[in-house]
There are 2 protein chains.
Amino acid sequence: MENNTKAMYKLSYGLFVCTAVDGPKMNGCITNTAIQVASEPNLISIAINKANYTHDMVLKTGKCNISVISNEVDFELFKHFGFQSGRDVDKFADYPSENYAMAENGIPYITNGTNAYFSLGVEQTVDLGSHTLFICKPEFMTVLSDASSCTYEYYQNNIKPKPQPVGQTPKGQTIWRCTICGYEWIGEEGEDLPDDFICPICKHPKDDFEKVE
Amino acid sequence: MENNTKAMYKLSYGLFVCTAVDGPKMNGCITNTAIQVASEPNLISIAINKANYTHDMVLKTGKCNISVISNEVDFELFKHFGFQSGRDVDKFADYPSENYAMAENGIPYITNGTNAYFSLGVEQTVDLGSHTLFICKPEFMTVLSDASSCTYEYYQNNIKPKPQPVGQTPKGQTIWRCTICGYEWIGEEGEDLPDDFICPICKHPKDDFEKVE
C-alpha cells in the first residue's frame with residue numbers, strides 16, 4: 001500500500017478564535033486545535049503556528065481565551081480573524097462591539113457565532129518546530145449557546161464559499177484558492193503559483209491551492 | 001456569569017482505535033484525541049489515559065497505529081475496543097480477521113468502520129497527570145475509505161444506542177448509564193451511584209452518568 005498524505009484530512013477538528021491581550025494590544029486568530037488532553041487535572045491543549053502574532057502574545061503573557069465557533073457562524077468571522085494578521089491591522093478596532101465581550105481575565109471573547117468560551121492559563125509549552133503546543137488550565141469556562149460546534153469538515157462543506165464557476169471571475173485572470181483557509185491569489189492569465197509559495201494566511205504550501213479559473 | 005463545565009462538551013473530537021504490540025501481546029483502545037499539532041515537521045499528538053493498558057504498551061514500545069473511525073462504523077467496534085480492558089481479555093483473540101490487517105510496523109490496524117490509518121513513532125512524551133500526551137511522527141499513513149470521519153458528536157447522536165424507555169429495562173433494577181462511553185451500572189431498585197464512582201471503562205465520574213430507569 002502506498003503512503004497517502006490525504007489521510008491527514010481524515011483527522012477531525014473543531015474551530016476556535018484564540019484571543020490574547022498584551023498591554024494595549026488585543027488580537028485573535030483562528031485555530032483548530034483546542035482539545036481536552038487530561039481530566040485530572042483538567043487540561044486543554046492548543047497548538048498555534050509560530051507565524052501568528054497571537055502566538056507571540058500567548059507565549060509572552062501566558063494567557064488566552066478560546067471561543068468555540070458554532071454552526072451558526074458567518075464566514076465573515078473567518079475572514080476577520082483568519083485572513084489578516086494582527087501585525088498589520090488592529091482586529092478589534094473595527095470589530096463591532098456587539099460581537100464580543102470582555103472576560104474576567106481582561107481578554108475579549110467572541111459572542112457572535114460561538115457557543116462557549118474558555119479562559120486559559122498556560123501551564124507548559126512544548127516547542128514543535130512550526131508550532132508551539134500550549135498546555136493550559138481552564139480558569140473559567142461557560143456555555144454561550146445551544147448551537148452545535150462547527151467542525152472543520154462542516155466549515156469546508158457549509159461555511160466556506162464554494163469556488164466560483166469558470167467565467168464568474170475577473171476576465172483574463174487566473175485565481176488560485178487555498179483549500180485550507182480560502183485565501184485567493186490572483187495572477188496573470190495562466191500564471192502558476194511559484195513552487196515555494198506559502199499561503200500568507202494559514203502558511204500551507206502550493207499543494208493546498210486549487211485553480212479557480 | 002457562572003462557571004459552567006458543560007463548555008467542555010463543546011470541544012470537537014474525532015474517534016480512533018489506537019493499537020499497539022508488545023511482544024506476543026496485541027491490544028487496542030478507543031481514543032478521541034489524535035490531531036495534527038505541527039506541520040514542519042508533521043507531528044500528530046494523542047493523549048491516552050494512563051489507566052488504559054494500551055497506554056503502557058505505547059509508552060514502552062514507542063510505537064502505535066491510529067485507525068480513524070468513520071461514520072459507517074458499527075457500535076460493536078466501540079464495545080469491543082472501548083468497553084473492555086486488554087488487561088482482562090485478548091481483544092484480538094476473538095476479533096474477526098477480516099476486520100483488521102497488519103501494517104509494515106508489525107502493529108494491526110482496523111479495516112472495518114475506518115477510513116484511514118497512521119503508523120506513528122513516539123518522538124516525545126508529556127506527563128499530564130491522568131493522561132500521557134504522546135507527540136508522534138507519522139511514519140506511514142493512508143486512506144482506507146471515502147466515508148466521512150466519525151466525530152464524537154456523531155457518535156453520541158447516531159452510533160451510540162439511545163437510552164431505553166422506562167419499563168424496557170429489567171424489572172426492579174436501577175440502571176445508570178455513562179453518557180461518555182455508554183457503560184451501564186446496574187443497581188438495586190432506586191439505588192444511587194456512590195459519590196466517588198468512577199466509570200470502569202472511560203474513568204469519568206458520577207456526574208457523567210444518567211439514570212436509565
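Every number in this text was worked out from the coordinates using simple rules, so none of it is lab data. Keep in mind that what you see is a predicted model, and the values were worked out from it rather than measured. Cβ sites come from the backbone with ideal geometry, for glycine too, and all protein chains shown count toward neighbours.
Brief remarks follow.
- Backbone amide hydrogens, once placed in the peptide plane, bring A:ILE35 within less than 5 Å of A:SER45, excluding anything fewer than 5 places away on its chain.
- In chain A, the DSSP-assigned H stretches of four residues or longer account for a calculated mean residue ellipticity at 222 nm of -2000 deg cm²/dmol, using -39500 (n - 2.57) per stretch and the full residue count as denominator.
- Placing +1 on each Lys and Arg Cβ and -1 on each Asp and Glu Cβ, with no other charges, gives the protein assembly as shown a dipole about its Cα centre of roughly 240 debye.
- The simple spin-label model puts a point 7 Å past each Cα toward its Cβ; for A:SER145 and A:GLU104 those points are separated by 2.4 nm.
- Under-30-angstrom lysine pairs by C-alpha in the range A:94-213, whenever the two are 8 or more apart or on separate chains: 13
- In the elastic network of chain B, a GNM with C-alpha springs shorter than 10 Å, the most mobile of B:THR54, B:THR125, B:THR111 is B:THR125.
- Most fluctuating residue given options B:ILE30, B:ILE186, B:ILE201, as computed from a GNM of chain B linking Cα atoms under 10 Å: B:ILE186
- Packing-based exposure ordering (other Cβ within 10 Å, fewest first) of B:THR179, B:THR31: B:THR179, B:THR31
- Evaluated with a Cβ-only charge set (Lys, Arg +1; Asp, Glu -1), chain B carries a dipole of roughly 260 debye about its Cα centre, given to the nearest 20.
- Span per principal axis, largest first, for the Cα atoms of chain B (Å): 53, 47, 33
- Across the identical copies, how the B:LYS6 labels are spaced - nm, sorted shortest first, 7 Å along Cα→Cβ: 4.0
- For chain A: relative contact order, % (alpha-carbon pairs under 8 angstrom, 6 or more apart): 20 percent
- HN-Hα J in Hz across the range A:75-81 - Karplus 6.51, -1.76, 1.60, θ = phi - 60°, x for Gly and Pro: 4, 4, 4, 5, 5, 5, 9
- The share of alpha-carbon pairs in the range B:56-123 lying farther apart than 17 Å comes to 47%.
- Pairs of lysines in the range B:1-86 whose Cα atoms sit within less than 28 Å of one another amount to 13, provided the residues are eight or more positions apart or on different chains.
- Note: the protein assembly as shown, Cα convex hull, 163 Å³ per residue.
- Inter-copy label distances at A:SER130 (7 Å, Cα→Cβ; nm, one decimal): 3.2
- Note on chain A: with a GNM built from Cα contacts shorter than 10 Å, the maximum mean-square fluctuation among A:ASP146, A:ASP56, A:ASP195 falls on A:ASP195.
- The charge dipole of the range B:103-213, taken about its Cα centre with unit charges on the Cβ of Lys, Arg, Asp and Glu (plus for the first two, minus for the last two), comes to roughly 340 debye.
- Ranking B:PHE118, B:HIS131, B:PHE75 by how far each Cα lies toward the positive end of the dipole of the range B:65-213 (charges on Cβ) leaves B:PHE118 at the top.
- Sorted shortest first, the separations between the A:SER97 label point and its copies elsewhere in the assembly read 7.2 nm; each point sits 7 Å from Cα along the Cα-to-Cβ line.
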